[in-house]
Amino acid sequence: MDRPFLDLEPCGPLRGSLRVPGDKSVTHRGLMLLALSEGEGRLLHPLKAGDTLSTARALQALGAEIAEEGPHFRVRGRGLRLREPEDVLDCGNAGTLMRLLLGLLAGQEGLFAVLTGDASLRRRPMGRVVEPLRQMGAEIDGREGGKRAPLAVRGGGLRGIAYTLPVPSAQVKSALLLAGLFAEGVTEVVEPIPTRDHTERLFRHFGLPLETEGPRIRTRRAEPFPAKDLTVPGDFSSAAFFLVAALVTPGSEVTVEGVGLNPTRTGLLEVLKAMGADLEWRVLEGEGGEPVGYVRARYGPLKGVQVDPALIPLMVDEVPILAAAAAWAEGETHIPNLAELRVKESDRVQAIAHNLRALGVAVEEGPDWLRIGGGGVRRGEVEPFHDHRIAMAFAVAGLPVGVRVWEPGWAEISYPGFFGDLRRLCGAS
Ligand code: S3P
């Protein structure tokens, strides 16, 4: 069978500035909270890509009215009470959608829903949200006793619990906080290791109950709340591909504007700085409770580093693109604390190791770590393993020498115009 591919010729210096599409995490959450609000609100500059369109469709099936208005979405919410869907809800490739929606649906009195997804999502662990939701009183069943989708949920009867996250996961935290909006008493999530805090910031934006005390995050049953416009910042995870492309391509200078700089997302900047990267960034404004600004990256030599394990949860989606930077650095880079990467859209530890080898880079793979020999890459072919971030990261890794990317369409899960933007910055038409 013919598989699609894209050949990228060696790229000259990347120059100029760009805005990347809206943040995926904030778009999922913004749509969900607007769907629960009363009246009409707009989600401004959302991400319109595979994952977030799955969220829009699922919420429409649950009775929210969502219309496109130019680049924006206009949402008429249901006021805390969703409608029972007539059919199975297809979450596509989106783990964030499936996990957060489970929390939300668990709170809907008497409502029955079945959630499924694509082959990758049906392999991913769901026990991490199903278990604590059951402790709150949720009725959920599914494959392997509820560990994997398809999952069936019958909502209602929730009571608050105190739950310490066994793995640092913003998706689990968010699912429990959403369920807590419908539970009796207080729901407390304790996160020993901080993870992205978009849900907390959005609860504040919409005036929903939220208290934080160190690692403890509490919510309680929500009163009906009015819709409110929300502006989505550019996605730092998408910006990261262009920053690294500029750092590894001689003569480059790229500025990404209007990008979210939430400190629970920007661990990559610290690691790249430690590698000697010529980077500068500044927060200029806040939107929807999120810090927003610019990041500028200039080409320069990079050196291998030992990555601090505590930074990984703050850059969990940026490890593939960090691996691309490490391949171009002088000396070895060791990246620890990667157990969670094995259960992302693909097994990213394996996918990174495979593609680095395909580009002639020495790599050693452990159960939860990678050791990457630097020194640059040679022309080769890269395999996305059905994973958007792997497709984009290894397109960048090979860009300075030219690379064939198999199934480039996977990028559309989070960044539909990615290859066009890359070509434009390279000065190609
Ligand atoms: C996300 C959290 C992270 C991240 C994912 C988006 C979110 O997953 O990898 O792309 O929006 O909450 P985990 O919470 O499972 O680490």
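The values are calculated or read from the model by the stated rules, or taken from the named source; none is laboratory data. Just so you know, these numbers come straight off a predicted model, no measurement behind them. Note that each Cβ is placed from the backbone with ideal geometry, even for glycine, and that neighbours are counted across all protein chains shown. Side chains are part of the model used for accessible areas, which takes the heavy atoms of the whole protein and leaves out ligands, DNA and RNA. Shrake-Rupley method; radii C 1.70, N 1.55, O 1.52, S 1.80 Å.
Things to note:
- Taken over the stretch 167-191, the criterion of being among the β-branched types (Val, Ile, Thr) and within 16 Å of the ligand (Cβ to nearest atom) is satisfied by Val167, Val172, Val189, Val190.
- Selection of the stretch 27-43 for residues being in contact with an Asp or Glu (Cβ under 6 Å, 6 or more places away or on another chain) and either acidic (Asp, Glu) or open to solvent by 10 Å² or more (accessible area, probe 1.4 Å) (or both) yields only Arg42.
- Where Phe385 falls short, out of the listed (1) in a helix (DSSP H, G or I); (2) closer than 23 Å to Ile413 by Cα: (1)
- Top-ranked residue in the stretch 190-218 [being among the acidic types (Asp, Glu) and assigned to a loop (DSSP other than H, G, I, E, B); ranked as most open to solvent (accessible area, probe 1.4 Å)]: Asp197
- Flag for Val153 being open to solvent by less than 40 Å² (accessible area, probe 1.4 Å), touching a Phe, Trp or Tyr at 6+ places or on another chain (Cβ under 6 Å) and over 22 Å from Glu345 (Cα atoms): no
- Candidates Thr249, Thr255, Thr187: the one that is in contact (Cβ under 8 Å) with a residue 40 or more places away in the chain and open to solvent by 10 Å² or more (accessible area, probe 1.4 Å) is Thr255.
- Cβ pairs under 6 Å, 6+ apart, first in the stretch 319-344 and closer than 13 Å to Val167 by Cβ, second open to solvent by less than 30 Å² (accessible area, probe 1.4 Å) and charged (D, E, K, R): Leu341/Arg348; Val343/Arg124
- The set of residues in the stretch 267-290 that are in contact with a strand residue (DSSP E or B) (Cβ under 8 Å, 6 or more places away or on another chain) and touching a residue at least 24 places away in the same chain (Cβ under 8 Å) comprises Leu269, Leu272, Met275, Gly276, Ala277, Asp278, Leu279, Glu287, Gly288, Glu290.
- Every residue from the stretch 367-386 that is surrounded by fewer than 24 Cβ atoms within 10 Å (Cβ to Cβ) and either under 23 Å from the mean Cα position of the chain (by Cα) or under 30 Å from Leu97 (Cα atoms) (or both): Pro367, Asp368, Trp369, Glu383, Phe385, His386
- Hey, Pro226 touching a residue at least 40 places away in the same chain (Cβ under 8 Å), open to solvent by 20 Å² or more (accessible area, probe 1.4 Å), within 16 Å of the ligand (Cβ to nearest atom) and not assigned by TED's automatic domain parsing to the domain that holds Thr266 or not: no
- Restricting the stretch 83-98 to residues that are open to solvent by 10 Å² or more (accessible area, probe 1.4 Å) and out of contact with any Asp or Glu (no Cβ under 8 Å at 6 or more places or on another chain), the residue that is nearest to the ligand (Cβ to nearest atom) is Asp90.
- Test set (1) within 15 Å of the ligand (Cβ to nearest atom); (2) open to solvent by 40 Å² or more (accessible area, probe 1.4 Å); (3) not in a loop (DSSP other than H, G, I, E, B) - Ala393 fails condition number: (2)
- Boolean, Phe5 is more than 16 Å from the ligand (Cβ to nearest atom), open to solvent by less than 10 Å² (accessible area, probe 1.4 Å) and in contact (Cβ under 8 Å) with a residue 40 or more places away in the chain: no
- Arg348 open to solvent by less than 10 Å² (accessible area, probe 1.4 Å), of a type in the set (D, E, K, R) and within 12 Å of the ligand (Cβ to nearest atom): yes
- Residue, farthest from the ligand (Cβ to nearest atom), within the stretch 115-137, restricted to residues that are over 17 Å from Leu97 (Cβ atoms) and open to solvent by 10 Å² or more (accessible area, probe 1.4 Å): Gly137
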